[in-house]
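Remarks on the structure that follows.
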Amino acid sequence: MAPKNPLSHAKSPAVTRNVKHVVLGDLLFQTWYQSIYPEDLVSKDTDRLYVCRWCFRYSCDADAYAKHTRTCLHRATPPGTKVYDHGGYSVWEVDGEHHKLYAQNLSLFAKLFLDHKSVFFDVFSFLYYLLVFTDPKDSSYHVLGFFSKEKLSWDANNLACILVFPPYQHKQLGKLLMGVSYKLSGWERDRGLIGGPEKPLSEMGSRSYSRFWEERIARHILLQDMQTGDAPDSPQQKQKPSKGARKRPHHEIITVQDIGLATGMLTEDVITALKGMEAVEPATPSKKRKMPRTAIDNALDGSEAVIIRKSKILEWAKAHKTTLEDPINADGFVGEWAPRSIRQGSPNSGEEDEEDQEDEEEEGKENEVEEEDE
């Protein structure tokens, strides 16, 4: 996967950075923030830090870095368990408890591009999901980014931290990770979790999630209408309506909770998206052409109904070139997250799960040895 010019994504440093540039594989790009690498291994004024693109081990010495990359244990495949695979992109689940050193190194690297990340060494209670692209030409793989989440969140968070590495940004990959995070929260299942990202969000995260939520709601409502034949462009609406139907207003009353239950989104996130799309107004009729913003806010407090203006959603979707195609493919999930029809058709699925668990235990032992050596 060809990255964009990595230096074009460089941000003007607002704070002192202990590492100015990183080498990730064959890519050189500028850092954005400071990370707490051990000072005995990384000095306070390091111009170039070499980071293994497979395991995120780091070194200031180019020769030591080159020697490691020739023998890295993760050259062939990422650690953990694959949970998604479609179109060359895959997502791998890495347990911070079983892959402690890997998770710590990944966290230290991520802090170079995240302002508020605070978990570096206490990784036992987190799961990490790597976004991987496999080059079809030579079968080599590249880690493009990741998201993490707590194994047990009391705040219904389905994501704690998310990052697409600078050279691979602006390729819609963040939406893929967000979509996977919602799927893995299991909100569609019994006892599933309706949740969202950990808050407060950064400025960049807020923009990204707002767009993701808006598109998610737009797809849900428009696809639902297409299935029922009530879409604005459907043939049924072009037919001459009956006498009783003429009096029917061209809107649908729905609560934010209804949308949340259908999309797996928290009420507060649904409200954020609806406000951003400007596609809602209070269900109470008004003589005014345009409802005051305060009236809309009051109707969106989760206790009252709102009117979803489908024409507004269509206008928003057209203006933002929104596609009805979901950023993730449901058939791409594997293992326990695979569609039931695929999961039932795999006679060896149980055996594969046992083998994966044994592999993780062995890799966990290897990581413990690596940590002691380091």
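Think of each Lys and Arg Cβ as +1 and each Asp and Glu Cβ as -1; about the Cα centre, that makes the dipole of the stretch 41-172 roughly 260 debye. Peptide packing: for 166-172, 270-276, the average count of neighbouring Cβ atoms within 10 Å per residue gives the ranking 270-276, 166-172, highest mean first. Rolling a 1.4 Å probe over the protein heavy atoms of the stretch 49-180, with every protein chain left in place, gives an accessible area that is 52 percent carbon and sulfur. For the set Glu281, Glu188, the ranking by accessible area, highest first and with no ligand, DNA or RNA atoms included, is Glu188, Glu281 under a 1.4 Å probe. Figure note: Arg189, Arg53 ranked by solvent-accessible area, largest first, 1.4 Å probe, ligands and nucleic acids not counted: Arg189, Arg53.
For the residues Trp92, Trp154, Trp213, a 1.4 Å probe over the protein chains yields an accessible-area ranking, largest first, of Trp154, Trp92, Trp213.
Ligands, DNA and RNA excluded, the heavy atoms of His86 present near 90 Å² of accessible surface to a 1.4 Å solvent probe. Here's the picture: charge each Lys and Arg Cβ at +1 and each Asp and Glu Cβ at -1 in the stretch 148-227, and of Leu201, Leu184, Gln227 the one pushed furthest to the positive end of that dipole is Leu184.
Under 5 Å from the amide H of Phe29 lie the amide H atoms of Val22, Leu24, each residue being 5 or more positions distant or on a separate chain, with H modelled from the backbone and absent for Pro and chain starts.
A probe of 1.4 angstrom, applied to the heavy atoms of all protein chains, finds Ser202 with accessible area near 50 square angstrom.
The values are calculated or read from the model by the stated rules, or taken from the named source; none is laboratory data. No experiment lies behind these values; they were computed from the predicted model shown. Cβ coordinates were reconstructed from backbone atoms using ideal geometry, including for glycine residues, and neighbour counts include every protein chain displayed. With ligands, DNA and RNA removed, areas are computed over all heavy atoms of the protein, side chains included. Shrake-Rupley method; radii C 1.70, N 1.55, O 1.52, S 1.80 Å.
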